[in-house]
Amino acid sequence: MTPVTSFKGKTVAVFGLGGSGLASCHALKAGGAEVIASDDTPAKLAEAARAGFITADLRTVSWANFAALVLTPGVPLTHPQPHWTVVAAKQAGVEVIGDIELFCRERKLHAPDAPFVAITGTNGKSTTTALVAHLMREAGYDTQMGGNIGTAILSLEPPAKGRVHVIEMSSYQIDLTPSLDPSVGILLNVTEDHIDRHGSIEHYAAVKERLVAGVQRNGTAIVGVDDHWCAAIADRVAQAGKNVVRVSVKHPVADGICLEGDTIVRVDGGARSRIVSINEIGSLRGLHNAQNAACASAAVLALGVSHEMLQQGLRSFPGLAHRMEQIDRGPAPLHAGHQPLLH
């Protein structure tokens, strides 16, 4: 667990008591905050009470003493309309944040240089997150993986020198993380999705952009540039002075990482170096997985993993369950004169 000390001695409301919400309650309490836990579901309230937290209907309490509202990402922040807790918080001048924001503040306080990889995109987030974590573990790093992929970020070990956090982030989570500042940010792609929660594709893309725009000074923003939204984002982030690695599996790049035939290639100042042939890796078949592998490669190279360790890690990646899993091989080809058995 990552104790959250940034709210020590203060009172924090937590609304939404699923996995990440309860993890936030535990982390805040461990860091010295007083937690008021709330949810619209009686069963969730009862679970929090059994865990030793004060629970309340936030409609019936004064917001004057709350230092923050920690909101579960599943609750609408802006569209189709702000949740009533968001309205109440804003009326009281209380900031609305999420659990990854709590992590970012803790990292800034105690280990600002600890490697932190944040990954987003409409498609491919989970595979890329799992792949980056696998590559870092294979390279010998203490690696913590969580976020939207399943494990609440505050349930992980705290940020520390030499410990890598690899975190999948949805647009909802980015929306609740105003000080998001990864050392490596990955934006895979943007296609129309979640418009009911963001109002327009323009706003959805702008939220995604914040993840790579916020990378730390001397950090690396990795952007898949095969859609026009991300191509424009890469240009803006580069113009803002950030180090941008462009990734394409459809077109050559002058600098960055691209696909040539079935081979992922790194292009650096005109020099080309082969990373790996996707056809060699059953868990990374297909153009979509080539993009995932190319972006993951860019991330671990930025963190100092050697070319050789990267190649070994890519070849040993098992893939995610139920994603391009090889179930069986067909029978070997028949040789002349060999007859199959009949049953």
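Quick note: the coordinates plus some simple rules give every number you see, no bench work behind them. Everything numeric here is computed off the predicted structure, so don't read it as measured data.
Proximity of backbone amide H atoms, modeled 1.01 Å from N, is registered between Ile149 and Glu168 at under 5 Å, excluding neighbours fewer than 5 places apart on the same chain. Counting only residues at least eight positions apart within a chain, or on another chain, the lysines with an alpha carbon under 30 Å from that of Lys242 are Lys108, Lys125, Lys161, Lys208, Lys250.
Of the candidates Glu138, Glu34, Glu280, which one comes out as most mobile in a Gaussian network treatment of the chain with C-alpha springs shorter than 10 Å? Taking springs between Cα atoms under 10 Å, the residue moving most is Glu280.
What angle do you read, to the nearest 10 degrees and between 0 and 90, between the alpha-carbon axis of helix 287-302 and the longest principal axis of the chain? That helix lies at roughly 70 degrees to the long axis.
Under the rule a/c < 1.5 gives rounded, and otherwise a/b versus b/c splits prolate from oblate, where does the chain land using the Cα gyration tensor?
Details: a/c = 2.04, a/b = 1.67, b/c = 1.22.
Taking the square roots of the gyration eigenvalues as a ≥ b ≥ c, the chain is prolate.
To the nearest 10 degrees, how steep is helix 19-30 against the longest Cα principal axis of the chain, on a 0 to 90 scale? It works out to around 60 degrees.
How would the range 93-187 be classified by its alpha-carbon gyration tensor: rounded, prolate or oblate, with rounded meaning a/c under 1.5 and the a/b versus b/c comparison settling the rest? Walk me through the intermediate numbers first.
Details: a/c = 1.98, a/b = 1.21, b/c = 1.64.
Oblate.
The amide H of Gln144, built 1.01 Å from its N in the peptide plane, has Val164, His165, Val166 as neighbours under 5 Å, considering only residues 5 or more places off or on other chains.
Once the convex hull of the alpha carbons of the range 30-112 is built, what does its volume come to per residue, in cubic angstrom? About 119 Å³ per residue, rounded to a whole number. Annotation: amide H of Ile186 within the under-5 Å range of Ala118, Ile119, Thr120, Ile222, sequence separation 5 or more or interchain, hydrogens built in the peptide plane. Under 1.5 on a/c is rounded, so check that first for the range 1-66, then, if it is not, pick prolate when a/b is larger than b/c and oblate when it is not; a ≥ b ≥ c are the square roots of the alpha carbon gyration tensor eigenvalues. Note, shape of the range 1-66 comes out oblate.
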